[in-house]
Amino acid sequence: MTIDVSNSIDPVEYRLQADGMADAVLDEEVSEALISGQVAVAVIQWSGVGRQEVSLPWRQLRSIADVRGFAVDARTMPRAFVQSDTAIGDAILFALDQFNDAPNCNRQVIDISGDGTPNAGSDARIASREAEQRGVTINGIANESMGIALTSYFNRSIITRDGFVITARHHLDYPRAIREKILREVSRIFG
């Protein structure tokens, strides 16, 4: 999971993302799906060029204790960056490199959440094509403030052909969106 911590994300929006991720995995339906699939997860915070960080290293979720531990760590994870541009392409390329340390999985997915289009860094379309060439799916959560312009951009330039975008109508809608996204991902894997 990669979360946007660029300059457009204020402290309240950051908390909504971190807490939304924690709440989503604790949802009974989500946690059961994650455990039954023994899903491995890592969290990356990203913003501008050279500003990507693995905030929570890879871990496999095999039990409710694993899920609860991940939720606590997500909720208490400090923000990695402030005052930075938006470099989605760099975030994708950084996330691709993290699969070198991932547990062996049948499917690799990068989740990109963001609230704006890139204004710095590598071309996101080229990074997305690189992911496709490596067999990695990119799904997204577009945090819209008005309309669906960002969702359209994600569909055109970020997600892979086998990916999808969930629209959060504003940051307060992020917890619902991430729950929906995780359930949809897991249902694609298991049936």
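The values are calculated or read from the model by the stated rules, or taken from the named source; none is laboratory data. This is a predicted model, so every value here is computed, not measured. Please note: Cβ atoms are built from the backbone with ideal geometry, for glycine as well, and neighbour counts cover all protein chains shown. Areas reflect the complete protein model, heavy atoms only, side chains present, ligands, DNA and RNA absent. Shrake-Rupley method; radii C 1.70, N 1.55, O 1.52, S 1.80 Å.
Structure above, values below:
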| read-out | value |
| --- | --- |
| Shape of the range 1-59, Cα gyration tensor, a/c cut at 1.5 | oblate |
| Correct choice for semi-axes √(5λ) of the Cα gyration tensor in Å that was computed from the model, options (i) 20, 19, 17; (ii) 34, 21, 18; (iii) 23, 19, 16 | (iii) |
| Relative contact order [Cα under 8 Å, 6+ residues apart], the range 98-182, whole percent | 28 |
| Length added when fully stretched, ARG15-ASN106, from 0.36 nm per residue minus Cα-Cα | 29.6 nm |
| Overall form of the range 51-109 per C-alpha gyration tensor (a/c, 1.5; a/b vs b/c) | oblate |
| Potential lengthening between ALA65 and ASN155 on full extension [0.36 nm per residue; Cα-Cα distance subtracted] | 28.9 nm |
| Distant-in-sequence amide H partners of ALA168 (H built 1.01 Å from N, under 5 Å) | ALA142, ASN143, GLU144 |
| Contour excess over end-to-end distance, with Cα ends at LEU183 and ASN7 and 0.36 nm allotted per residue | 60.4 nm |
| Environment charge at GLU144 (Cβ cut-off 10 Å; Lys +1, Arg +1, Asp -1, Glu -1) | -1 |
| The chain, relative contact order [Cα under 8 Å, separation at least 6], % | 24 |
| Cα-based shape type of the range 99-190, given that a ≥ b ≥ c are square roots of the gyration tensor eigenvalues and the cut on a/c is 1.5 | oblate |
| Rounded to the nearest 10 Å², the accessible area of MET21 at probe 1.4 Å | 0 |
